[in-house]
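A quick write-up on the structure given underneath.
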Amino acid sequence: MHSVAVIVQPGFAPFEFGLACEAFGLDRSDDGIPNFDFRICAAEPGLVPSNLGFSITVDRDLSAAEDADLVVVTPVQKEQWRQIDTRIAGVVRRAAERNAWLLSVCSGSFVLAAAGVLDGRSATTHWRYADTMARMYPEVTVDPDVLYVQDGKIITSAGTAAGLDACLHLLRQEIGAEAANIVARRMVVAPQRDGGQAQFIAKPIPEAASLSLAPVTDWMLQNLRRDLTVEQLAARAHMSPRTFARRFRADMGTTPAAWLNRQRVLHAQRLLEQTDLGLDRIADECGFGSAAVLRQNFARTLDTTPTAYRARFACVPASASAA
């Protein structure tokens, strides 16, 4: 991925627009992060009003998105949902046809749906709009409980900050896990949040509850090689296994096993990038036990193999034992 085009429309949301600029538009070459050919475009260049009473000047028209490797669609206002600009819908369709990346933030998914590129696919949007999207586009499988959905090379995200999760998810695939972590650290955000937007529908997660599990999750990260059970973890948290499992899901948005598995895959990604260790050694270091189990989890989580991942993102030459 070399070029990124962000499409803005009248009534755009400044925060969601800004996070796309933050993720893909800043020069981070001092940190060893590749720069993208970053473009901002609109159907009508000139002053484009935001939804907060100020405007930005956009110099480029939609032709700037016609050859971009990634096209980002920012949110649109409710009154625009049934009247999507056909020019923008056309750009989106052509991007899908040439197998470019497409990423929508929040209600930007309505633009992708109107363009027809989500037909037969899974997608998400802000939880407040999910039912409306499902009614308007019954051919789209709308998941209201996740932060983002990737289906092929199309990524749709939930509301506001979930767009940043989606951007970091895409960066992990394009520049590697460690480089994406550097970007996240620069932005002072978590490289990857577990769980989904279902956590935020009723009420935010209480900070005290999340902090109560911090010693346990820290210990889990330090002991990835061990065969960790809910019973062991519950004992460290001074809870019954049933209470611990319920509290963990409430705080983290997923099960202890799923969270642990994701951390093991992330550690495997780092080892593949930064070392020339063989797959059996990496599997042992991460707690997968064998290269076969590592491959299974890697494929299920990242839809690629450890060897292919290393070939793409390795910072050191791979030894013959890593094959």
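The values are calculated or read from the model by the stated rules, or taken from the named source; none is laboratory data. Here the structure is a predicted model, which is why all the values come from computation and not from measurement. Reconstructed Cβ throughout: ideal geometry from the backbone, glycine too, with neighbour counts over all protein chains shown. The accessibility values were calculated without ligands, DNA or RNA, using every heavy atom of the protein model including side chains. Shrake-Rupley method; radii C 1.70, N 1.55, O 1.52, S 1.80 Å.
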### Query
Does any residue in segment 270-284 that is over 17 Å from residue 177 (Cβ atoms) come within less than 6 Å, Cβ to Cβ, of a residue that is open to solvent by 40 Å² or more (accessible area, probe 1.4 Å) and assigned to a helix (DSSP H, G or I) six or more places away or on a different chain, and which pairs are these?
278/321
### Summary
The condition of being within 30 Å of residue 270 (Cα to Cα), in contact with a helix residue (DSSP H, G or I) (Cβ under 7 Å, 6 or more places away or on another chain) and at pLDDT below 95 holds, among 152, 159, only for 159
### Task
Give the residue that is surrounded by the most Cβ atoms within 10 Å (Cβ to Cβ), with candidates limited to residues of segment 191-250 that are assigned to a loop (DSSP other than H, G, I, E, B), among the small types (Gly, Ala, Ser) and modelled with pLDDT under 80.
196
### Task
With the checklist (1) at pLDDT below 95; (2) farther than 18 Å from residue 179 by Cα; (3) among the hydrophobic types (A, V, I, L, M, F, W, C) in hand, flag the one item residue 41 doesn't pass.
(1)
